[in-house]
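Asker: This is the structure I have questions about; it appears just below.
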Amino acid sequence: MEDFQYLRPATIAAAVLLLAQHKGKARLIAGGQSLIPMLRSRLVRPAYVIGLEAIPELKRIEPRHGGLRVGAMVTHHEVLTSPLVKERATILSDAEILVGSPAVRNLGTLGGNLCHNEVGADPPPALLALGASAVIASPHGERRLPLETFFRGFLETALGEDEILAYIDTSALPSGSVWSYLKCRQRSVDKAIVGVGVVLRIEGGVCRDVRVALGGVAPVPFRAKKAEAAFMGERPNDRIIEEAAMAAVAEAEPMSDAHASADYRRKMIGVFTRRALRQALEIKS
Amino acid sequence: MNTRAKGDLTIVGKSVPRLDARDKATGNVVYGVDQKLPGMLWGKVARSQLPHARILKVDTSRAKVIPGVECVITGEDVPNRKIGRYISDMYALARERVRYVGEPLAAVAAVDEETAEKAVEAIEVEYEELPAVFDMEEAIADSAPLLHEETGSEETWGAWSRTVHPLGGKKGRNVCNRLTVVDGDVDAAFAEADFVFEDSFSTHVVQHCHLEPHAALASVSHGGEITVWTNSQRPFELRSYLAHLLDVPATQIRVIGTEVGGGFGAKKAGWERFPVLLALKCGKPVKMVMTRDEEFIDGYTSVPARISVKSGVRRDGMITARAVTMIWDTGAYCNGVPPSLAPKFHAAGTYRIPNVRFDSLLVYTNKVPATTYRGIGGQDIAWAIETHMDDIARKLGLDPVEFRLKNIFEEGSRSPGGAILRGVGLKECLEKTAAALEWGQPKAANRGKGIACFDKHPNPASSSCAVVWINEDGNVTLLSGATEIGQGLMTVLAQVCAEELGVKLESIKAVIGDTGTTPFDDGAYGSRLTEHAGNAVRLAAKDAREQILKAAARWLEVSEDDLDTKEGRIFVKGSPDRGISLSELSLKLHRSDPGPILGRGSYFGGGKGYSEVAGRKEREEWGWKYGVTGVEVEVDTETGAIKILKVVSAHDVGFAINPHLVEGQIEGTVVMGLANFLLEEMQFDGGRVVNPTFMDYGFPTALECPPVVSIIVEKHNQEGPFGAKGVGELPIVGIGAALANAVYDAVGIRIKTSPITPEKVLRALEEKTPGSRLTSSAES
């Protein structure tokens, strides 16, 4: 690791100012679970590292319009043990318990996880399935972005060099909504080979809302829109579930890496989408 | 060497807590990575970026001028002498050629680690790339590039080694060692056999993943004395390796073993030469610690194998012949006990087979060198032999356990090669494992059980020495050149010493693994120390006890035959009040003739196993280590994932000096083996390691540890201390095969190429049942 200067602003505005001052030479650090390995392997060599731990408003979980506002500096452990999250965004708790190891969950934060956009992260598919949005602080004030457009490319997000992800907002789920987050992995600490988040609502036996999101299979986590289309307006049964799972397989272009081949990922998209839909609908296999 | 009957034992055979437990749990031990000296520099190595190339130029000029850089050395600065632990095939730093990505080309010393890293980045190398070969079978083809010219000739290697291992014989292209074992007449036996079965298997590369990386600190005195603090498994062997490299007397070098955070066979490859060469050049102490990336790139690896097995079997289930061909990939250099020697001990399996032929080749390829890995190839051979055994049983319609029991080594069995085996607890291990696994009971869908039997050869031919010194306060200093690498050796040696002397365990202070203060020991490898160092310590304690009794007899004016010792007191048998404490006696002896008591013991043993050629005289052999692994799994047929429900690991350890430590060894080794065969695999692309981090390499965590049932079987080993044998490597040997057999039992597929990944399981299931798995559940 090379030397850098550590800066510790006390407000969001001060942090944004520091980013603007040291444009291109600074990196934000939240829990350090992604940045420290990148520093050690010299993937990044910032002259300044800006720590956000002294900014209180980034560390809160608050109710908001029946949904939630989660500060970017809230740790995975705090998210998954929060009764408010459990009540209003259970799928996020379900995903958070699968993040890394207890040590990673104690230090790592939700915001840090989203901003590094590492392939196979668990919170993104859960939040995409919830329809969450990102609240971003910039020198020109706040802007809001649906999470779907937040993730841009391999380890890339829509954040500008002088912007900070401040909050994640989720809205209230209509009553009757059901959900599931499932993860295909080898070791308990691994990122997802495939992560599937599903939130849907059945009314009168017919699917009225559905969001299916996939992680681990492409440079960015994404909504499997064709799978959603196969399910929307239908009465769920084995055939419809299978069609949705196959649609998810068809619209993914997975890659190979040290953890799994593209071919295996493709197969697991089918298996885990099917299992997630069945689990959400409480269909015993 | 019996001096005390087993029934009287009070300290050995008991699960006393490890002597270092408190210090280790509270972070108070000093590991290799913790060593420091005032004014020390940090060393780093510059590495080859190509798998095979001629070195045209190593330009260090930019590195040398970086502020804080003290010195830079290249292949031109190191002794022009080839080194190697068993075959001398490499230079201390590459000269003229590099043969793998990561091969050390230059080394730098600087004021701190960051500066040293900058200097390494500033070194510029010009190469002329040469054709490379990465596959062991391609490497032996005539068209393959020749990695070491010596393999092209008929001459044997000019091994400098003090080794007692037979190396040499006719070579082939890129073959650095070849061993052929013949006993009986396999061809005739195959012709006569009712059935002949043939199959081929292969294993993969794993890294040792000791959590403490290689670390060493070297210092040179004004008089030229070299001191090295290192987490080596074998301080004395390192001393002689360095003495050879530097052409100095061994005693000009002192190697001080530090606490060791795991070794598993990797920490004895002579890596300490870099800080030593840098310290000699700079005249200042130099410390080096490998990063995790470096451990994967250049910390050496296991030795993968391709194994073909052919067995002749009679209608009644008796195996009459077995031929095994093995190719082992040692990477670019041979820097460990050549695993090509392993067939001497393992290749027939644990069975009484009258006719055998083994052919074993060790082959160079352009990859990171391999070295010994816990089990030394036994697990690779068992992967082949024990899955092959299961297949034969199923084809003959026999139960796999029953089939093994028919052929298995028993007390007095003749092994292939003519060893008459003594102290054989194998059958008991098998029966107890089968019982613990509820073998033969009905099973649920997609669940299966598998079993594997194995042995490990007697210890390598090697020596241990010990000195037992009674201090003036009656407490005992035990000096042994052996090393504590986490296995609990210090505690075991102290137990042996206390038992034999008749003193309390707390009164023993062990000083170990320092070539400057402790007597010779070959070090920690091959599961040898409990037996070898244990014997040396017991002999030293016996010697000291005899001196104590003689002196006490004089003071007490009785015959020494009438005396006994217990808990630090010497007393007249039958009248315990009439005696003298060891502290009182020792103090007197420090002030009168014959002076303080110093007991000494040394032991040489091992090195047997079967001979390479037929007709060697039959002889009795004790100390073979036997074990059986049983595994129960559940296979997810949609994902190919394997869930471990239970692992049973039974071992004949002769006599468990500390049962709790034996269980610890079993559990740890089982987890290591499971990870080896399910999760871990070093992946290469053009000779470059693509997953050199714990993020991408499947190193297990606590959550990957299933319940392990450890079973200790004790068949007295006449040649071990109190009947003991070692156990450190054994439990890894059968894991892979037991897993493969359990998967077969569960879902009827046979994985022959390790590791057993979900992808392979799924592919095999699809091949077995044509038609896409993806649609299958829609039909259900």
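Conditions tested, residue by residue: (1) surrounded by fewer than 24 Cβ atoms within 10 Å (Cβ to Cβ); (2) within 30 Å of B:Ala141 (Cα to Cα); (3) of a type in the set (Gly, Ala, Ser).
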| position | (1), (2), (3) |
| --- | --- |
| B:Ser240 | yes, no, yes |
| B:Ala243 | yes, no, yes |
| B:Arg254 | yes, no, no |
| B:Glu272 | no, no, no |
| B:Val286 | no, no, no |
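Asker: So which residues in segment B:268-288 are touching a strand residue (DSSP E or B) at 6+ places or on another chain (Cβ under 8 Å) and outside any helix (DSSP H, G or I), if there are any at all?
Answerer: Correct list: B:Gly270, B:Trp271, B:Glu272, B:Gly283, B:Lys284, B:Pro285, B:Val286, B:Lys287, B:Met288.
Asker: Out of the residues in segment B:665-723 that are touching a Cys at 6+ places or on another chain (Cβ under 6 Å) and outside any loop (DSSP other than H, G, I, E, B), which is nearest to B:Arg422 (Cα to Cα)? Full working, then the answer.
Answerer: First, the residues of segment B:665-723 that are touching a Cys at 6+ places or on another chain (Cβ under 6 Å): B:671, B:699, B:713.
Add one more test, that the residue is outside any loop (DSSP other than H, G, I, E, B), and what stays is B:671, B:713.
Details: B:Val671: 30, B:Val713: 15 Å.
By that ranking, first place goes to B:Val713.
Asker: Please count how many residues of segment B:353-403 are in contact with a Pro (Cβ under 8 Å, 6 or more places away or on another chain), in a loop (DSSP other than H, G, I, E, B) and not polar (S, T, N, Q).
Answerer: The total comes to 5.
Asker: Report yes if A:Thr75 is in contact with a helix residue (DSSP H, G or I) (Cβ under 8 Å, 6 or more places away or on another chain), surrounded by 13 or more Cβ atoms within 10 Å (Cβ to Cβ) and of a type outside the set (Phe, Trp, Tyr), otherwise no.
Answerer: Values: in contact with a helix residue (DSSP H, G or I) (Cβ under 8 Å, 6 or more places away or on another chain): yes; surrounded by 13 or more Cβ atoms within 10 Å (Cβ to Cβ): yes; of a type outside the set (Phe, Trp, Tyr): yes.
Yes; evaluated as a whole, the condition is true for this residue.
Asker: Keeping to segment A:45-97, report how many residues are in a helix (DSSP H, G or I), touching a strand residue (DSSP E or B) at 6+ places or on another chain (Cβ under 8 Å) and acidic (Asp, Glu). Working first, answer last.
Answerer: Step one: of segment A:45-97, the residues in a helix (DSSP H, G or I) are A:56-59, A:76-81, A:83-88, A:90-96.
If we keep only those that are touching a strand residue (DSSP E or B) at 6+ places or on another chain (Cβ under 8 Å) as well, we get A:57-59, A:76, A:78-79, A:84-85, A:88, A:90-92, A:94-95.
Narrowing further to those that are acidic (Asp, Glu): A:57, A:78, A:94.
The total comes to 3.
Asker: Taking only segment B:342-355 into account, find how many residues are modelled with pLDDT under 70 and either surrounded by 23 or more Cβ atoms within 10 Å (Cβ to Cβ) or small (Gly, Ala, Ser) (or both).
Answerer: Step one: filter segment B:342-355 for residues modelled with pLDDT under 70, giving B:342-345.
Still in the list and also either surrounded by 23 or more Cβ atoms within 10 Å (Cβ to Cβ) or small (Gly, Ala, Ser) (or both): B:342-343, B:345.
Selection size over segment B:342-355: 3.
Asker: Give the residues of segment B:52-81 that are under 23 Å from B:Gly687 (Cβ atoms) and surrounded by 19 or more Cβ atoms within 10 Å (Cβ to Cβ), sorted by residue number. Steps first, please.
Answerer: In the first step, residues of segment B:52-81 are kept if they are under 23 Å from B:Gly687 (Cβ atoms); the result is B:52-58, B:74-75.
Result: B:His52, B:Ala53, B:Ile55, B:Val58, B:Thr74, B:Gly75.
Asker: Consider B:Ser480 carefully, then state whether it is out of contact with any helix residue (DSSP H, G or I) (no Cβ under 6 Å at 6 or more places or on another chain), small (Gly, Ala, Ser) and within 24 Å of B:Ser527 (Cβ to Cβ).
Answerer: Numbers: out of contact with any helix residue (DSSP H, G or I) (no Cβ under 6 Å at 6 or more places or on another chain): no; small (Gly, Ala, Ser): yes; within 24 Å of B:Ser527 (Cβ to Cβ): yes.
In short, no.
Asker: Can you tell me how many residues within segment A:268-285 are over 30 Å from B:Gln683 (Cα atoms) and within 9 Å of chain B (Cβ to nearest Cβ)?
Answerer: Final tally of qualifying residues: 3.
Asker: Report yes if some residue within segment A:82-102 is at pLDDT 95 or above, of a type in the set (Lys, Arg) and farther than 30 Å from B:Asp293 by Cβ; otherwise report no.
Answerer: Checking segment A:82-102: at least one residue is at pLDDT 95 or above, of a type in the set (Lys, Arg) and farther than 30 Å from B:Asp293 by Cβ.
Asker: Take the residues in segment A:139-172 that are assigned to a loop (DSSP other than H, G, I, E, B) and in contact with a Gly (Cβ under 8 Å, 6 or more places away or on another chain); name whichever of them is nearest to the other protein chains (Cβ to nearest Cβ). Even if it seems obvious, please write down each step before you answer.
Answerer: Step one: filter segment A:139-172 for residues assigned to a loop (DSSP other than H, G, I, E, B), giving A:139-140, A:154-155, A:158-163, A:171-172.
Cutting the leftovers down to in contact with a Gly (Cβ under 8 Å, 6 or more places away or on another chain) gives us A:161, A:171-172.
Numbers: A:Glu161: 26, A:Ser171: 33, A:Ala172: 34 Å.
Residue satisfying both the conditions and the ranking: A:Glu161.
Asker: Then there is this: Let me spell it out: the conditions are (1) within 25 Å of the chain's Cα centre (by Cα); (2) without any contact (Cβ under 8 Å) to a residue 40 or more places away in the chain, and B:Pro249 meets all of them except one. Which number is the exception?
Answerer: All conditions are met except number (1).
Asker: What's the number of the only condition in (1) touching a residue at least 40 places away in the same chain (Cβ under 8 Å); (2) surrounded by fewer than 21 Cβ atoms within 10 Å (Cβ to Cβ) that A:Arg201 fails to meet?
Answerer: For A:Arg201, the exception is condition (1).
Residue by residue, here is whether (1) small (Gly, Ala, Ser); (2) within 14 Å of chain B (Cβ to nearest Cβ); (3) surrounded by 18 or more Cβ atoms within 10 Å (Cβ to Cβ) holds:
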residue: A:Ala10; (1), (2), (3): yes, no, no
residue: A:Ala13; (1), (2), (3): yes, no, no
residue: A:Ala20; (1), (2), (3): yes, no, no
residue: A:Pro37; (1), (2), (3): no, yes, no
residue: A:Ser41; (1), (2), (3): yes, yes, no
residue: A:Arg45; (1), (2), (3): no, yes, no
residue: A:Leu52; (1), (2), (3): no, no, yes
residue: A:Glu87; (1), (2), (3): no, no, no
residue: A:Ser93; (1), (2), (3): yes, no, yes
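Asker: Are there strands (runs of 3 or more DSSP E) fully within segment B:498-583 with at least 3 residues that are under 17 Å from B:Leu598 (Cα atoms) and of a type outside the set (Asp, Glu)? List them.
Answerer: Numbers: elements: B:508-512, B:563-566, B:569-572, B:575-581.
So the answer is B:508-512.
Asker: A follow-up question, please. Out of segment A:256-282, which residues are out of contact with any Ser or Thr (no Cβ under 7 Å at 6 or more places or on another chain), without any contact (Cβ under 8 Å) to a residue 40 or more places away in the chain and among the aliphatic types (A, V, I, L, M)?
Answerer: If the condition is that a residue be out of contact with any Ser or Thr (no Cβ under 7 Å at 6 or more places or on another chain), without any contact (Cβ under 8 Å) to a residue 40 or more places away in the chain and among the aliphatic types (A, V, I, L, M), then A:Ala258 is the only one that fits.
Asker: Further, regarding this structure: Provide a single number: the residues in segment A:122-142 that are surrounded by fewer than 24 Cβ atoms within 10 Å (Cβ to Cβ) and either acidic (Asp, Glu) or over 18 Å from A:Ala15 (Cα atoms) (or both).
Answerer: Total satisfying the criteria: 3.
Asker: Is there a residue in segment B:634-656 that is of a type in the set (Lys, Arg) and within 30 Å of B:Ala444 (Cβ to Cβ)?
Answerer: The answer is yes; a qualifying residue exists.
Asker: Turning to a different aspect of this structure: Got a number for residues in segment B:97-108 being assigned to a loop (DSSP other than H, G, I, E, B) and hydrophobic (A, V, I, L, M, F, W, C)? Even if it seems obvious, please write down each step before you answer.
Answerer: Start the filter on segment B:97-108 by keeping residues that are assigned to a loop (DSSP other than H, G, I, E, B), which leaves B:99-103.
The next check asks that each one be hydrophobic (A, V, I, L, M, F, W, C); those that pass are B:101.
Residues meeting the conditions: 1.
Asker: For B:Thr701, work out the one condition from (1) modelled with pLDDT of 95 or more; (2) within 14 Å of chain A (Cβ to nearest Cβ); (3) under 30 Å from A:Glu118 (Cβ atoms) it doesn't fulfil.
Answerer: (1) is the only condition that B:Thr701 fails.
Asker: Would you mind stating whether B:Ile297 is β-branched (Val, Ile, Thr) and in a helix (DSSP H, G or I)?
Answerer: Details: β-branched (Val, Ile, Thr): yes; in a helix (DSSP H, G or I): yes.
Yes.
Asker: Here's something else I'd like to know. Taking into account only those residues within segment A:22-35 that are in contact with a helix residue (DSSP H, G or I) (Cβ under 6 Å, 6 or more places away or on another chain) and either in a loop (DSSP other than H, G, I, E, B) or in the same structural domain as A:Val85 (by TED's automatic domain parsing) (or both), which is surrounded by the fewest Cβ atoms within 10 Å (Cβ to Cβ)?
Answerer: Applying the filter and picking the extreme gives A:Ser34.
The values are calculated or read from the model by the stated rules, or taken from the named source; none is laboratory data. The structure presented is a predicted model; accordingly, all values stated were derived computationally and were not measured. Cβ: placed from backbone, ideal geometry, glycine included. Neighbour counts: every protein chain shown.
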